[in-house]
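Notes for the one structure printed next.
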Amino acid sequence: MSEHWERVRAAIAGDTLDAPPVSLWRHFPEEDQRVDSLVAATLTWQQRFDFDFVKLMPPGDYPVIAWGGASEYRGSPSGTRTVTRYPVQDVQDWSRIRPLSAESGVLRMVVETARLVAEALGGTVPVLQTIFSPLTIAYKLSAGRVLRDLAETPALVEEALAAITGTMCQLVQASLAAGAHGIFFATQCATAELTDEETYTRWGRPWDLAVLEVAVGAPCVVLHLHGLQPHFDLLMDYPVQVLNWHDRRTSISLVEGERRSGRCVAGGLDETAIASMSPSEVAEQAREAVAQLGGRHLMVTPGCVIPIRTPEATIAAAVRAVRSGGAEHERG
């Protein structure tokens, strides 16, 4: 077993090794439109920093493209692409959201990227496929109108959510079969900024759980709660091993998240500030994150994607700080 796997498994189990796992991720907006260039960018990123797990970074709008939308990169600091055509522009458009095959279009590219990256790394590093929750995808497909349409025409949207869910189940299954070791499951709607708990319980949870069920048994499944007011406790029974959220930007610290969930937590690095922080500042933030939990039940990561212009020296400093002092701290 490689040291990367040892660290990831120890973190999930709550054991302590030489250091907790560390990984950072970014978009590759100029490379993520083709399999060959995205695979090359992913492997270069991993070889440069020797992360303990690889979060695959297909374009964040891949579901929009899969269902007939269009986008282009316009220089966003985060590396995200701007949607120029949404598949759902009118309430009746929900009826056009039908199940898709994971073997076609951009979904095939997502699966093939997982296969080629996993093959190149030879099983030495866990590889996680990025999967969005069904309600998040519906939000992306419709520029957010899904939340209004759920209140006004729920039957139409529910049929579309079922189609999206079936497609994502296929994508998870195909990614795992291709060599991915788990998934990074991102929900962007489980936050009070967009939904209340009753709405998410009705329209988010059931579809989330259907997709996550396909990944049960995978070595590493990470749940990412996107947003500044996450419905944290509502999702605590999800079948995942690791929780990731904006711990530096919300009121829920790593210590609090680990206490409330009893599970491994991933975070500690401020994804919004990291591009402007000095290497020494980022190193100190990484060491403080390790100290919060004494290096146990912890993966040191950003709370979300980091800006594409984050200096490499800054990223390297975070990795060095975790690796050099990860086991020196005890839980306070």
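The values are calculated or read from the model by the stated rules, or taken from the named source; none is laboratory data. None of these values were measured; they are calculated from a predicted model. Here Cβ is always computed from backbone atoms with ideal geometry, including for glycine, and neighbour counts include all displayed protein chains.
Some values worked out for this structure:
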item: Residue 87 part of a helix (DSSP H, G or I) and at pLDDT 95 or above; result: no
item: Residues that are part of a helix (DSSP H, G or I) and either under 18 Å from residue 240 (Cα atoms) or touching a residue at least 24 places away in the same chain (Cβ under 8 Å) (or both), drawn from the range 29-58; result: 35, 38, 39, 42, 43, 46, 48, 49
item: Test: residue 26 is among the charged types (D, E, K, R), in a loop (DSSP other than H, G, I, E, B) and within 21 Å of residue 181 (Cα to Cα); result: yes
item: Test: residue in the range 131-150 that is surrounded by fewer than 17 Cβ atoms within 10 Å (Cβ to Cβ) and within 21 Å of residue 43 (Cα to Cα); result: no
item: All positions within the range 261-280 that are in contact (Cβ under 8 Å) with a residue 12 or more places away in the chain and closer than 14 Å to residue 298 by Cα; result: 261, 263, 264, 265, 266, 267, 268, 269
item: Conditions (1) surrounded by 19 or more Cβ atoms within 10 Å (Cβ to Cβ); (2) among the charged types (D, E, K, R); (3) under 25 Å from residue 180 (Cα atoms): number failed by residue 287; result: (3)
item: Residues being within 17 Å of residue 83 (Cα to Cα) and either assigned to a strand (DSSP E or B) or of a type in the set (S, T, N, Q) (or both) - total across the range 116-144; result: 3
item: Qualifying residue in the range 11-22 (condition: small (Gly, Ala, Ser), at pLDDT 95 or above, in a loop (DSSP other than H, G, I, E, B) and farther than 23 Å from residue 324 by Cβ); result: no
item: Top-ranked residue in the range 67-95 [being basic (Lys, Arg) and surrounded by fewer than 13 Cβ atoms within 10 Å (Cβ to Cβ); ranked as farthest from the chain's Cα centre (by Cα)]; result: 85
